[in-house]
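Participant: The structure under discussion is supplied below as C-alpha cells; questions concerning it will follow.
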Amino acid sequence: MKACDLPVNLGDNPIAQAQLEKLWITDRRRLLECYRRHLALRDFVVDRDDALRGVQEGGKP
C-alpha cells in the first residue's frame with residue numbers, strides 16, 4: 001500500500017536537455033513501478049473476492 005513516488009521537481013530554473021532527459025527517465029521508471037504495484041494489488045483483490053464468492057477463474061461459479 002506504499003504511495004507512489006511523485007514526479008521529479010524540475011524547479012524554476014532552466015535545465016539542460018540532457019538533465020531533462022535523465023529526469024524524464026526517472027519519472028517513467030517511477031510511473032511504471034507504481035502501475036505494476038497497483039495492478040498487482042488490484043489483481044490480488046479481484047482474485048481474493050472471486051474466491052470468497054466461490055467464483056472460479058474465468059468468472060464461472
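The numbers here are math on the coordinates, done by the rules we state, and not lab data. Only a predicted model underlies this, so the values are computations on that prediction, with no experimental measurement involved. So basically every Cβ, Gly included, is an ideal-geometry build from the backbone, and we count neighbours across all protein chains shown.
Participant: Any chance the range 32-44 includes a residue that's part of a loop (DSSP other than H, G, I, E, B) and within 16 Å of the chain's Cα centre (by Cα)?
Facilitator: No.
Participant: Which ones in the range 1-28 are loosely packed, with under 10 Cβ neighbours inside 10 Å and basic (Lys, Arg)?
Facilitator: Correct list: Lys2 only.
Participant: Go through the range 1-23 and give me each residue that's in a loop (DSSP other than H, G, I, E, B) and either under 26 Å from Tyr35 (Cα atoms) or touching a strand residue (DSSP E or B) at 6+ places or on another chain (Cβ under 6 Å) (or both).
Facilitator: Listed by number, the residues that qualify are Met1, Lys2, Ala3, Cys4, Asp5, Leu6, Pro7, Val8, Asn9, Leu10, Gly11.
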